[in-house]
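Derivation of every value follows stated rules applied to the coordinates shown; laboratory data play no part. Predicted, not measured: the structure shown is a model, and the values here were computed from it. Every residue, glycine as well, gets a Cβ built from its backbone with ideal geometry; the counts of neighbours run over all protein chains shown.
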Amino acid sequence: MSKFKLFDSVNLIEAVAFGDGQIAPPETAGAIVEIFKNGEAYLVELFGGWVKAEVGGDFVTATQDEPESFMETIGVETVYPHQLQLVKSASEMMGLRERLQSVLDNLSEDLVAEVCDFAEFLREKQQKVREAKLSRRESN
């Protein structure tokens, strides 16, 4: 079973080398973007400092509180569970609808159709419950 879930916020416990020879030091923040072999390894987007884009397209140092600032991606690398520490789970950071959308984005069209059929079934069930409650109120 996978120790981390898709979109979990993590920190590196140890340095990780990029393919170009640069190194992401311990405590580098990241996010799980893909899970390999049920959690044997993870593709992690690693972040640097806060930046924002200038009109010309260059990035300048910024603070988290500045409008339109974001954490700069310094690389995407395969990382192993022993190299990672959970900061915050995706379920703590995202609402249920956002989590569902991220799952749907990674399903094949036939599986999305199955999810859609089930959602429609739930909507019909909810409607019947509402109608039954309304009917009981009217009869009282």
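Using alpha carbon centroids, what distance separates the range 1-28 and the range 102-116, in Å?
So the separation of the two Cα centres works out to 28 Å.
Give the cross-link partners of K125 among the lysines, using a straight C-alpha distance below 22 Å as the criterion and excluding same-chain residues fewer than 8 apart.
Straight-distance partners of K125: K133.
Show me, for the range 22-32, the HN-Hα J-couplings you get by feeding each phi into the Karplus relation (A = 6.51, B = -1.76, C = 1.60, θ = phi - 60°), rounded to Hz, glycine and proline as x.
After applying 6.51 cos²θ - 1.76 cosθ + 1.60, I find 6, 10, 8, x, x, 6, 5, 7, x, 9, 5 Hz.
Translational diffusion coefficient of the range 43-92 at 20 °C, 1.002 mPa s, Stokes-Einstein with Kirkwood Rh over Cα pairs, in µm²/s as a whole number.
Values: Rh = 12.8 Å.
Taking Rh from Cα pairs, D becomes 167 µm²/s.
Counting Lys and Arg as +1 and Asp and Glu as -1, each charge on the Cβ, what is the dipole of the range 21-140 about the Cα centre in debye, to the nearest 20? Spell out each step's value before the answer.
Working: 12 positive and 22 negative charges, 200 e Å.
So the dipole magnitude of the range 21-140 works out to roughly 960 debye.
Spin-label point model (7 Å from Cα, Cβ direction): what's the T63 to V33 distance in nm?
Going by the 7 Å Cα→Cβ label model, 2.9 nm.
To the nearest 10 degrees, how steep is helix 109-139 against the longest Cα principal axis of the chain, on a 0 to 90 scale?
Tilt relative to the chain: about 40 degrees.
Between V103 and R130, what is the FRET efficiency for a Förster distance of 22 Å, r being their Cβ-Cβ separation, to the nearest 0.05?
With a Förster radius of 22 Å, E is 0.25.
Compute the convex hull volume of the Cα atoms of the range 47-140, divide it by the residue count, and report the result per residue in Å³ as a whole number. Don't jump to the answer; show the numbers that get you there.
Numbers: hull volume 22.9 nm³, N = 94.
For the range 47-140, the hull spanned by Cα atoms encloses 244 Å³ per residue.
Of the listed peptides 126-136, 65-75, 9-19, 38-48, what is their order by residue-averaged count of other C-beta atoms within 10 Å, with the highest listed first? Walk me through the numbers on the way to the answer.
Numbers: 126-136: 9.9, 65-75: 13.3, 9-19: 15.4, 38-48: 17.1.
Ranking the peptides 126-136, 65-75, 9-19, 38-48 by packing returns 38-48, 9-19, 65-75, 126-136.
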